[in-house]
1. Give me D for the stretch 226-269 in µm² s⁻¹, whole number, from Stokes-Einstein with Rh from the Kirkwood sum over alpha-carbon pairs, 20 °C and 1.002 mPa s.
2. Summarise the long-distance tail of P(r) for the stretch 231-301 by giving the % of C-alpha pairs beyond 13 Å.
3. Take the alpha carbon atoms of the stretch 317-357, find their radius of gyration, then divide it by 2.2 N^0.38 Å using N residues; give the quotient.
4. Could you compute the FRET efficiency for Lys473 and Leu79, with r as their C-beta to C-beta distance and R0 at 60 Å, rounded to 0.05?
5. Using the Cα atoms of the stretch 26-168, I'd like the radius of gyration and the largest Cα-Cα distance, Dmax, both in angstrom.
6. Roughly how many debye, to the nearest 20, is the charge dipole of the stretch 286-386 about its Cα centre, given +1 on each Lys and Arg Cβ, -1 on each Asp and Glu Cβ, and no other charges?
7. Would you mind ranking Glu374, Glu457 by Cβ crowding within 10 Å, fewest neighbours first?
8. Taking the Cα centre of the stretch 228-338 as origin, sum charge times position over the Cβ atoms of Lys and Arg (+1) and Asp and Glu (-1), and report the length of that vector in debye to the nearest 20.
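Read the figures in this text as sums done on the coordinates, not as results from a lab. Everything numeric here is computed off the predicted structure, so don't read it as measured data. Glycine also receives a Cβ, built like all others from the backbone with ideal geometry; neighbour counts cover every protein chain displayed.
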Amino acid sequence: MSVRVRIAPSPTGNLHIGTARTAVFNWLFARHLGGQFILRIEDTDLERSRPEYTDNILEGLNWLGLTWDEGPFYQSQRLDLYKQAVQTLLDKGLAYRCYCTPEELNDMRAKQKAAGLAPRYDNRHRNLTADEQAAFEAEGRKPVIRFKIDGDRSIVWKDLVRGTVSWKASDLGGDMVVARAAEAGGVGQPLYNLAVVVDDMDMTITHVIRGEDHIANTAKQILLYEALGGQVPEFAHTPLILNQEGRKLSKRDGVTSISDFRKMGYIAPGLANYMTLLGWTAPDATQEIFTLDEAAQTFTFDRVNQAGAKFDWDKLNWINSQYLHHLPIPELTDLILPVWQEAGFATDSEERSWLEQIVALIGPSLTRLPEAVELAQMFFTEEINFSEEATEQLQKEGVKEILESLLATVEGHSLSEVEGQSATEDTLKDAIKAVTKAKKVKKGLVMRSLRAALTGEVHGPDLIQSWLLWNQKGQDGDRIKQSLNTL
Ligand code: GLU
């Protein structure tokens, strides 16, 4: 049978990087083996689930390129199926109604704690007689449904990441609740572990790939598979993503959702590539840049680490910059335009080719998209902001004359061979050579002075290319004049 995997996010928050990374591993595994990747939205927690989180999750997965083959399926639309399964467990005598009140449970736990024991349900209502049940119901108590856990056994599975995992059933906290309280004789809201097993059976999931924090659930779920007569799938528990202190990355660490990373200007293939490396190493460990499709060709679980994966901003930045630097200019321009427009730059009247030239100029310096605002603002604002170093440069001896001479060249239209046309790279270079010769100064001085005059900075992107951009708009003379006015 072909491989079928799923990602099953709960829409109780935006798409978290941990869930997205788990989705990446599921996707890679499915694509590697030509299997199916299924999306299931686990929205049974009515209080915490919100449609806007579902939208955020679907959008984030789509944006990352984690296309799914089936779904999204919504658990909230499948409640009958879960209730039937609970009824099956009751009918088989594998589950029962427990009438304990919250106070009784608290009291039980407090006593266990005082005796130095781990808190667990002591299975006290496992064998109630019909009379005892009737008495509780007469009191108006509403029972939950508990699944019997045989505390003597252990649950063992071969995890694709962690090898053989063994869990003592006595450590699972006693008979577990599979459905919330309901009126007498009814079945209340089914709970996570039950719903997951019913769905994974119904959707014939062959491999359950999810975060390591679900290991205890896996032990419980294996018991439910057995009870419901299902085929137990294979399991792969992926390492957690850790913060700099080595603790699980959490909301307190600031940026954790995919939409936040997107807002920060990370691009989808860069972020997806980085997430692939959060716990997985390519067979050629030196290879760190690959698309999802490329990674899928070699992805296997024996190269997934057991140890947690530390989140490394420097590496993410480096990978993102690699993608930005290799994007074709028109594509990069499409990504940068909205960022510029948000900053009030690049209005519709700007020519696309002029904008693409700016992108080509600043692209190699970009790590994240918003940096394009600062890097390009000199092309969109008339007023020059002079840095201290630029002012010093302009005040150096002989600089005024150099700039006047350059201004004369610009204003005399001698930069273009044919009147009305913009200068070329060569004519600008020739103009610099001519001034260097006429003023008998070093070329470096001319270049530094011109940079300070045009940009207000002493460092920046290629000067000739930058000059060309202002020249095309007829603004180079104005900028040199503005600088001369400060002297
Ligand atoms: N809804 C669970 C979560 O978001 C899914 C766990 C699973 O994959 O079974 O953590």
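1. 155
2. It works out to 72 percent of all Cα pairs.
3. Expressed relative to 2.2 N^0.38 Å, the Cα Rg reads 1.25.
4. In this case the efficiency is close to 0.40.
5. Cα-based Rg and Dmax for the stretch 26-168 come out at 21.0, 58 Å.
6. In total the dipole reaches around 460 debye.
7. Glu374, Glu457
8. So the dipole magnitude of the stretch 228-338 works out to roughly 520 debye.
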